[in-house]
Structure formats: structure tokens, C-alpha cells
1. Could you grab me the full set of residues in the range C:6-17 that are facing another protein chain (nearest Cβ under 7 Å) and open to solvent by less than 30 Å² (accessible area, probe 1.4 Å)?
2. Quick test for you: out of A:LEU20, A:LEU30, pick the one residue that is within 12 Å of chain D (Cβ to nearest Cβ), touching an Asp or Glu at 6+ places or on another chain (Cβ under 6 Å) and under 22 Å from B:ALA80 (Cα atoms).
3. Could you tell me which of the residues D:ASP40, D:ASP76 is within 13 Å of chain A (Cβ to nearest Cβ), at pLDDT 90 or above, out of contact with any Ser or Thr (no Cβ under 6 Å at 6 or more places or on another chain) and open to solvent by 20 Å² or more (accessible area, probe 1.4 Å)?
4. Within the range C:14-31, which residues are more than 12 Å from D:VAL24 (Cα to Cα) and β-branched (Val, Ile, Thr)?
5. Here are some conditions: (1) within 7 Å of another protein chain (Cβ to nearest Cβ); (2) open to solvent by 10 Å² or more (accessible area, probe 1.4 Å); (3) closer than 25 Å to B:HIS14 by Cβ. A:GLU58 meets all but one. Which one does it not meet?
6. Can you name the residue in the range D:79-94 that is of a type outside the set (A, V, I, L, M) and open to solvent by 30 Å² or more (accessible area, probe 1.4 Å) and, of all such residues, is farthest from the other protein chains (Cβ to nearest Cβ)?
7. Taking helices (runs of 4 or more DSSP H) that fall entirely within the range A:1-87, which contain at least 3 residues that are of a type in the set (A, V, I, L, M, F, W, C)?
8. What number of residues within the range D:61-73 satisfy the criterion of being out of contact with any Leu (no Cβ under 7 Å at 6 or more places or on another chain) and within 8 Å of chain C (Cβ to nearest Cβ)?
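The values are calculated or read from the model by the stated rules, or taken from the named source; none is laboratory data. Since the structure is predicted, the reported quantities are computational estimates derived from the model, not experimental observations. Here the Cβ positions follow ideal geometry from the backbone for every residue, glycine too, while neighbour counts run over all protein chains shown. To get the accessible areas, we keep the full protein, side chains included, count just its heavy atoms, and leave off ligands, DNA and RNA. Shrake-Rupley method; radii C 1.70, N 1.55, O 1.52, S 1.80 Å.
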Protein chains: 4
Amino acid sequence: MRDFTAQRQWASYHDPKSVLLALVGEVGELAELFQWLPADEARDMAGREPLHTRAAEEISDVLLYLILLADGLGIDLGAAANAKLTDSELRFPAGQDPGRAAPG
Amino acid sequence: MRDFTAQRQWASYHDPKSVLLALVGEVGELAELFQWLPADEARDMAGREPLHTRAAEEISDVLLYLILLADGLGIDLGAAANAKLTDSELRFPAGQDPGRAAPG
Amino acid sequence: MRDFTAQRQWASYHDPKSVLLALVGEVGELAELFQWLPADEARDMAGREPLHTRAAEEISDVLLYLILLADGLGIDLGAAANAKLTDSELRFPAGQDPGRAAPG
Amino acid sequence: MRDFTAQRQWASYHDPKSVLLALVGEVGELAELFQWLPADEARDMAGREPLHTRAAEEISDVLLYLILLADGLGIDLGAAANAKLTDSELRFPAGQDPGRAAPG
């Protein structure tokens with residue numbers, strides 16, 4: 001992604017607020033894929049084509065902007081995510097209702 | 001994350017629309033960190049404490065829900081993101097204005 | 001809201017991208033209220049306390065930032081929304097599946 | 001909007017989580033209009049065509065889903081927003097830095 005950005009001289013566009021809005025745009029496209037699916041059929045429907053490829057593309061777009069944002073801020077995303085997961089394991093003991101927690 | 005979810009028996013909560021709303025919640029928390037920062041100072045401010053750690057945490061939360069969503073749909077996120085990046089390299093030749101493209 | 005903003009001298013913070021990120025933050029808080037509710041119970045649960053008041057507050061926060069954004073851009077929001085609704089009536093004839101349309 | 005929904009028999013699609021995801025989709029389209037604009041030119045650019053009409057349409061789409069969500073939950077949106085604004089006036093005395101507050 002650094003090469004991709006440098007070759008296109010797009011770095012000047014990549015201030016955090018702009019990248020964040022771009023990420024919001026991609027989250028919106030992802031939401032549009034799922035919005036009218038019945039909740040209890042969404043997983044099966046998105047596990048099959050044609051939705052599966054579309055979902056993979058939109059999830060990837062969100063990921064790419066997330067990496068772009070993290071990289072611009074000097075954040076080691078893998079380390080940060082592992083730290084957050086360890087923290088969640090401590091804060092949410094097994095057996096808790098996620099309605100009051102933040103699972104994941 | 002699979003262990004984390006299984007140990008808490010939270011899988012029944014993790015239908016795609018619910019995970020997507022949880023991701024939207026974390027994107028919102030990320031946006032709140034940046035919303036009132038001057039655009040041209042946001043990168044420097046978020047590169048320093050106390051904002052740096054907060055930003056790393058919120059970006060991680062978004063990432064963890066994104067992985068949870070992808071995993072539930074049987075998507076290989078690394079492969080999908082690499083494919084999307086290759087596709088972007090073909091669609092957006094170097095030198096193009098990102099105002100009309102989708103950089104990243 | 002104009003008085004509220006002027007009295008606090010906050011107008012300089014209210015450039016469109018900042019207000020938009022603030023709106024995203026409020027949409028995130030709204031999403032957090034609903035994310036783990038069973039889809040088929042969400043309406044009933046949010047129609048009762050304590051969720052009803054919380055939902056009203058978060059929906060209001062989104063609305064207030066939406067009005068702030070529109071006002072800053074010189075948009076007559078009532079006229080624009082009515083025009084959009086009329087347009088939707090023409091584009092989506094009765095009987096169409098919303099899975100392929102944009103209902104509302 | 002109630003007539004619009006009833007005539008198309010779309011009410012069954014309009015559970016809160018689905019409408020909320022549809023709202024997220026429209027917020028994403030709104031974000032895409034602004035993401036790469038320079039922060040200090042965004043207001044002027046969106047005050048002129050061709051962006052002005054596009055912004056009015058996307059803001060309207062967000063508003064329409066927000067009204068649909070509120071109506072489905074039995075929320076009087078005008079009353080709720082006025083109450084929230086009054087509350088903000090009390091919580092944020094004039095002169096406060098919005099960086100620490102939630103202006104609007």
C-alpha cells in the first residue's frame with residue numbers, strides 16, 4: 001500500500017480525517033450488502049455467491065483503509081490488535097452476557 | 001478470537017448484521033477521537049500520546065470486528081485484501097486524481 | 001442551533017468533514033444500542049424503557065449533526081427531503097422487492 | 001413515508017437493525033462526497049454545484065432513514081431533538097472548548 005500511494009502521489013490526500021471518511025464510505029457499502037437480508041439467513045446468504053465475493057471485496061476495502069490509517073499514525077496494527085484481544089479476555093470473563101459487554 | 005468467542009458462548013450473537021453494527025459502533029468511537037482536530041494537525045496529534053494509544057485501541061476494535069465478520073462468512077481476509085489491492089493497481093494508473101478515484 | 005453554536009464560538013470547528021465525523025460518532029452510539037438485540041425483538045425492546053429514551057437521545061444527536069451539516073452548506077433540509085421522497089415514489093413503483101431497491 | 005412504505009408492503013423489512021444498516025449505507029455515501037476535499041475548502045465546494053445538489057440528496061437520504069427508524073420506535077423526533085438541544089445548552093456552558101465537549 002505504501003508503494004501504491006507513493007506511485008500515485010496520493011499521500012497528501014491521506015490525512016487521518018480524510019482516510020477515516022473513506023473508511024466510513026466503505027463501511028457504508030458493506031452495510032448496503034446486508035441491510036435487507038433476514039437476520040437469520042444473512043450468514044448463509046453471504047457464505048454463497050454472488051454475495052460472498054461482494055462481501056469479501058467490501059470487507060477488504062474497509063481493511064485497506066484501516067491499514068492506511070494505522071500506518072499513517074505509526075501504529076503497529078498487529079501488536080495493537082493482539083493487545084486489545086488480551087485485554088478483552090481479562091475484562092470479559094467467560095459466561096458473561098455480551099448485551100452488557102463488547103464481545104470480539 | 002475463535003477461542004475467545006467459543007469460551008464465552010457468544011457465537012449465537014455473531015450473526016453478520018449484529019457484528020456489522022458492532023463494527024459501526026467502533027468506527028464511531030474512532031471518529032470521535034478525530035472529529036474536532038484541525039485537519040492539518042490530526043496526523044501529528046494522533047502520532048503522539050495521549051491520542052496515539054487511544055487511536056491504536058479504537059483501530060484495533062474495528063479490525064477485530066472486521067476479522068470476526070470475515071471469519072463468520074468463510075472469507076480469507078488476507079487473500080481478499082491482496083486481490084483488492086492488485087485490482088486497484090490496475091484500475092487506478094499512477095498519476096490519477098483520487099478525487100475521482102478510490103485510493104487505498 | 002445557530003444560537004447555540006454562536007454563543008459558544010464553535011463555528012470554526014464546524015467545517016463539513018468535522019461535522020460529518022461527529023455524525024458518524026453519534027451513528028456509532030446509536031448502533032451500540034441495537035447491535036446485540038435479537039432482530040425480531042429489537043422494535044419491541046426499543047419501544048419500551050429503558051431503551052426507548054436512550055434511542056430517542058441518540059437518534060436526536062444524529063439529527064442535530066445532520067441539521068448542522070445541512071445548515072452550514074445552505075441546504076433547505078425539509079425541501080430536499082420532500083424532493084427525495086417524491087423521487088423515490090417515482091423510481092420504486094409499489095410491489096417492488098426492496099432487496100433490489102432503496103426503500104424509505 | 002408511512003404511505004410510501006405501506007403501498008410497497010415494505011414494513012416487514014423495516015426492523016430497527018435493518019433500517020440502521022440502511023442509514024449507515026447512506027452516511028457512507030455522504031462521506032464519499034467529502035472524503036478527499038481539502039478540509040478548508042469543503043464548505044465552499046459543497047455550497048456550489050455540482051456538489052450542492054448531491055450533498056442535499058445524500059443528507060436527505062440519511063434523514064429519511066432516521067425518521068423511519070424513529071417512527072418505527074414511536075419516537076417523537078422533533079420533541080426528542082428539542083429536549084436534547086436544551087440539555088446540551090445546560091451541559092456545555094458558553095466558552096467551552098468543543099474538543100472536550102460534544103458541540104451541536
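1. Restricting attention to the range C:6-17, the residues satisfying the condition of being facing another protein chain (nearest Cβ under 7 Å) are C:7-8, C:10, C:13, C:15-17.
Answer for the range C:6-17, where residues must be facing another protein chain (nearest Cβ under 7 Å) and open to solvent by less than 30 Å² (accessible area, probe 1.4 Å): C:ARG8, C:TRP10, C:PRO16, C:LYS17.
2. After ruling out the rest, the residue left standing is A:LEU30.
3. Matching residue, one of D:ASP40, D:ASP76: D:ASP40.
4. Answer for the range C:14-31, where residues must be more than 12 Å from D:VAL24 (Cα to Cα) and β-branched (Val, Ile, Thr): just C:VAL19.
5. Only one criterion in (1) within 7 Å of another protein chain (Cβ to nearest Cβ); (2) open to solvent by 10 Å² or more (accessible area, probe 1.4 Å); (3) closer than 25 Å to B:HIS14 by Cβ is unmet by A:GLU58, namely (1).
6. Pass one, the range D:79-94, residues of a type outside the set (A, V, I, L, M): D:82, D:84, D:86-89, D:91-93.
Those still in the list that are open to solvent by 30 Å² or more (accessible area, probe 1.4 Å) too: D:82, D:86-87, D:89, D:91, D:93.
Details: D:ASN82: 8, D:THR86: 10, D:ASP87: 8, D:GLU89: 6, D:ARG91: 11, D:PRO93: 8 Å.
Checking each candidate, the answer is D:ARG91.
7. Where helices (runs of 4 or more DSSP H) fall fully within the range A:1-87 and carry at least 3 residues being of a type in the set (A, V, I, L, M, F, W, C), they are A:16-34, A:42-47, A:51-72.
8. Residues flagged as out of contact with any Leu (no Cβ under 7 Å at 6 or more places or on another chain) and within 8 Å of chain C (Cβ to nearest Cβ) within the range D:61-73 amount to 4.
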